[in-house]
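See below for the structure under consideration.
The values are calculated or read from the model by the stated rules, or taken from the named source; none is laboratory data. Nothing here was measured: the structure is a model prediction, and the numbers come from that model. Using ideal geometry, Cβ is built from the backbone for each residue, glycine included, and neighbour counts are taken over all protein chains shown.
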Amino acid sequence: MMTHFLSRVRLNRDAPAAAIAPVLLPDDPNARCGVAHRLVWTLFADGPERSRDFLWREEAPAGAHGGHAGFLILSTRPPVDAHGLFHVESKPFEPHLSVGDRLAFSLRVNPVITRTRTIDGRPKHTRSDVVMDLLRPIPRGKRAERRPEAIREGGLAWLARQAASSGFAIGEDSDDSPAVRVDGYEQMRVRRRGAKDITFSALEMDGVLRVDNPERFLQALYQGFGKAKAFGCGLMLIRRARP
């Protein structure tokens, strides 16, 4: 299997980089997402015909001061900082997994569901995020109170579908705590000059999974989960779970 690298990338804290940090990573989440997307691309854009071969997510919470911001990146080649903006730490990412291994995971993801209906005899596919898919039949005045339930229900159902096709399983909830925490629902709009805005929603998921098929799980991990991978979604971070 192809070698992958896991990198921690932080803005330099020297005077030049610190001075422009608020411009590089503004506090507004929508603007921050678009700028971060372009910043991360500078670490891999060594040619005009390059396609994205990496996953990333912001390490610091959205809205944190830009000088302390950083990114975690999973890639097929180490990032190269040609502009001197970052402090980069990279190491090969080669997890050795076995059937039955328990892993703690963290995932920021854009989970979507596609519905198909027939119009004039032709199938029409519509895609929506899993939360809005559950809220759409509910009257608008009642959606706010149902949103927390829809976030958890939609997120868990989506994750269960991913698990079934990606070689892992999610444990059952215990009396003390849920097996998976699902929250942080956020609707994003990335503005683009001369082009249609990009809109997507993101959920935060944390929990413990069991590896059932190591090869299939790693393949899914390297490919990323869900949509909006170019905008900081889809990278699942893993570590050994405590017994």
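I need the helices (runs of 4 or more DSSP H) fully contained in region 1-95, keeping only those with at least 3 residues that are aliphatic (A, V, I, L, M) and modelled with pLDDT under 75. Spell out the reasoning first.
Details: elements: 15-19, 21-24, 29-42.
In region 1-95, the matching helices (runs of 4 or more DSSP H) lie at 15-19, 21-24.
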Q | Selection within region 178-196 - aliphatic (A, V, I, L, M), surrounded by 14 or more Cβ atoms within 10 Å (Cβ to Cβ) and closer than 24 Å to residue 25 by Cα | A | 188, 190
(Q) Just the residues that are in a strand (DSSP E or B) and either without any contact (Cβ under 8 Å) to a residue 60 or more places away in the chain or closer than 30 Å to residue 199 by Cβ (or both), please, taken from region 101-115. (A) 105, 106, 107, 108, 109, 110, 112, 113, 114, 115
Q) in contact (Cβ under 8 Å) with a residue 60 or more places away in the chain, assigned to a helix (DSSP H, G or I) and either closer than 17 Å to residue 97 by Cα or among the polar types (S, T, N, Q) (or both) - does that describe any residue in region 155-174? A) yes
Q | Search result, residues across region 119-150 that are in contact with a strand residue (DSSP E or B) (Cβ under 7 Å, 6 or more places away or on another chain) and in a strand (DSSP E or B) | A | 123, 124, 125, 126, 127, 128, 129
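With without any contact (Cβ under 8 Å) to a residue 40 or more places away in the chain, closer than 20 Å to residue 237 by Cβ and out of contact with any Phe, Trp or Tyr (no Cβ under 6 Å at 6 or more places or on another chain) as the only criterion, which of 182, 208 stands out? Steps first, answer last, please.
Numbers: 208 fails: without any contact (Cβ under 8 Å) to a residue 40 or more places away in the chain.
Among 182, 208, only 182 is without any contact (Cβ under 8 Å) to a residue 40 or more places away in the chain, closer than 20 Å to residue 237 by Cβ and out of contact with any Phe, Trp or Tyr (no Cβ under 6 Å at 6 or more places or on another chain).
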(Q) Just checking, does region 160-172 include any residue being at pLDDT below 95 and out of contact with any helix residue (DSSP H, G or I) (no Cβ under 8 Å at 6 or more places or on another chain)? (A) yes
Q) In region 214-243, how many residues are within 15 Å of residue 72 (Cα to Cα) and either at pLDDT below 95 or within 10 Å of the chain's Cα centre (by Cα) (or both)? A) 10
Q) How about region 66-102: which of its residues are buried (at least 16 other Cβ atoms within 10 Å of the Cβ), aliphatic (A, V, I, L, M) and more than 28 Å from residue 33 (Cα to Cα)? A) 97
Q) Of the conditions (1) of a type in the set (S, T, N, Q); (2) free of Cβ contacts under 8 Å to residues at least 12 places away in the same chain; (3) in a loop (DSSP other than H, G, I, E, B), residue 98 fails just one. Which one is it? A) (2)
(Q) I'm trying to understand the selection: among the residues of region 139-155, which are modelled with pLDDT of 95 or more and among the hydrophobic types (A, V, I, L, M, F, W, C)? (A) 150, 151
